[in-house]
Amino acid sequence: MPPTDASTETGAGPAPRTAPGNEDTLDLRLPDEFLALCAAEEAAHAPPAGPKGDGRTGVGRVTAGRSVDERADAEGAGDARTSGQRPSATGQDLLDSLVRWGPARTPAGEFRLLPVHPGRDLALLTRWMNDPVVAEFWELAGGEDVTAAHLRAQLDGDGRSVPCLGLLDGTPMSYWEIYRADLDPLARHYPARPHDTGIHLLIGGVADRGCGLGTTLLRAVSELVLDHRPACSRVVAEPDLRNTPSVSAFLGAGFRLSAEIDLPEKRAALMMRDRAHRHQL
């Protein structure tokens with residue numbers, strides 16, 4: 001489970017229990033999609049069935065130029081499998097065609113998410129991951145093989161997490177992971193709801209940090225999620241508690257601090273932006 005951090009991007013234990021009647025009260029029913037994914041993965045790794053009647057069965061690379069943006073529309077119109085988003089093992093689109101979400105207008109310019117292609121984007125992402133400020137929270141410093149392995153875990157997965165470049169007026173300047181928080185290991189640490197959608201973010205350029213841009217883009221991306229995922233009632237993030245600028249950016253973008261939770265790799269601030277309150281904060 002990658003870190004979340006708006007400024008740079010970012011021992012296991014249970015999340016604090018919420019009081020009875022709180023809107024975050026734990027629902028112990030697992031999402032149907034989660035159960036379907038488990039069944040599909042079990043079937044995919046099952047041994048082949050024996051001969052009929054024998055009694056055995058099977059168990060069921062980028063530059064900082066603007067040419068990247070020119071390719072986004074063509075890729076958005078193409079097949080999701082070739083444009084960075086894959087269907088799940090059950091054939092479901094777990095993130096409602098993220099590749100076709102389109103741009104968002106922000107005070108800083110036009111912003112869009114473009115699913116990552118390792119062959120095009122790997123060098124840029126590796127450079128960002130080796131920035132000392134980024135590496136402190138992402139812990140992915142190293143060669144291109146380190147970044148490639150991190151991307152491969154998502155791109156070869158079932159589609160519950162989609163890595164993206166963030167393009168501002170056509171220029172790649174941030175890295176995002178949009179993921180199904182209710183289908184992620186994170187769901188073991190807080191009272192997840194079906195279709196909870198998570199955000200991980202890093203701002204790539206030093207000049208783009210510390211100027212409020214993270215807050216602007218977090219609001220824009222959470223709006224994109226709520227606009228294009230009608231079943232999602234809230235957007236979730238879990239920045240490291242040590243990263244005060246990140247927590248502040250989420251608060252400025254309309255998120256609330258729901259709880260402090262212990263994750264395997266950090267103590268995190270569980271941040272949520274609720275659909276019901278999206279126009280009030």
Selected residue [modelled with pLDDT under 95 and closer than 24 Å to Thr244 by Cα] from Gly210, Gly198: Gly210
Residue list for the stretch 236-273, restricted to those being charged (D, E, K, R), under 17 Å from the mean Cα position of the chain (by Cα) and in a strand (DSSP E or B): Asp240, Arg273
Candidate set from the stretch 177-216 (those that are out of contact with any Gly (no Cβ under 8 Å at 6 or more places or on another chain) and of a type in the set (Gly, Ala, Ser)); member that is farthest from Ala141 (Cα to Cα): Ala192
Those helices (runs of 4 or more DSSP H) lying entirely in the stretch 106-208 with at least 3 residues within 27 Å of Pro264 (Cβ to Cβ) and out of contact with any helix residue (DSSP H, G or I) (no Cβ under 6 Å at 6 or more places or on another chain): 132-138, 144-155
Failed item, numbered, when Asp227 is tested on (1) in a loop (DSSP other than H, G, I, E, B); (2) closer than 27 Å to Gly102 by Cβ: (1)
Test for Ala259: is it farther than 17 Å from Tyr190 by Cβ, touching a strand residue (DSSP E or B) at 6+ places or on another chain (Cβ under 9 Å), surrounded by fewer than 23 Cβ atoms within 10 Å (Cβ to Cβ) and aliphatic (A, V, I, L, M): no
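Could you list, in sequence order, all residues of the stretch 230-256 that are surrounded by 18 or more Cβ atoms within 10 Å (Cβ to Cβ) and out of contact with any helix residue (DSSP H, G or I) (no Cβ under 9 Å at 6 or more places or on another chain)?
Once the filter is applied, which keeps residues that are surrounded by 18 or more Cβ atoms within 10 Å (Cβ to Cβ) and out of contact with any helix residue (DSSP H, G or I) (no Cβ under 9 Å at 6 or more places or on another chain), the stretch 230-256 yields only Val247.
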For Arg219: the one exception among (1) under 21 Å from Glu136 (Cβ atoms); (2) surrounded by fewer than 24 Cβ atoms within 10 Å (Cβ to Cβ): (1)
Residue check for Val247: farther than 19 Å from Leu95 by Cα and aliphatic (A, V, I, L, M): yes
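The values are calculated or read from the model by the stated rules, or taken from the named source; none is laboratory data. Model, not experiment: these values are computed from the prediction. No Cβ is skipped: glycine too gets one built from the backbone with ideal geometry, and neighbour counts run over all protein chains shown.
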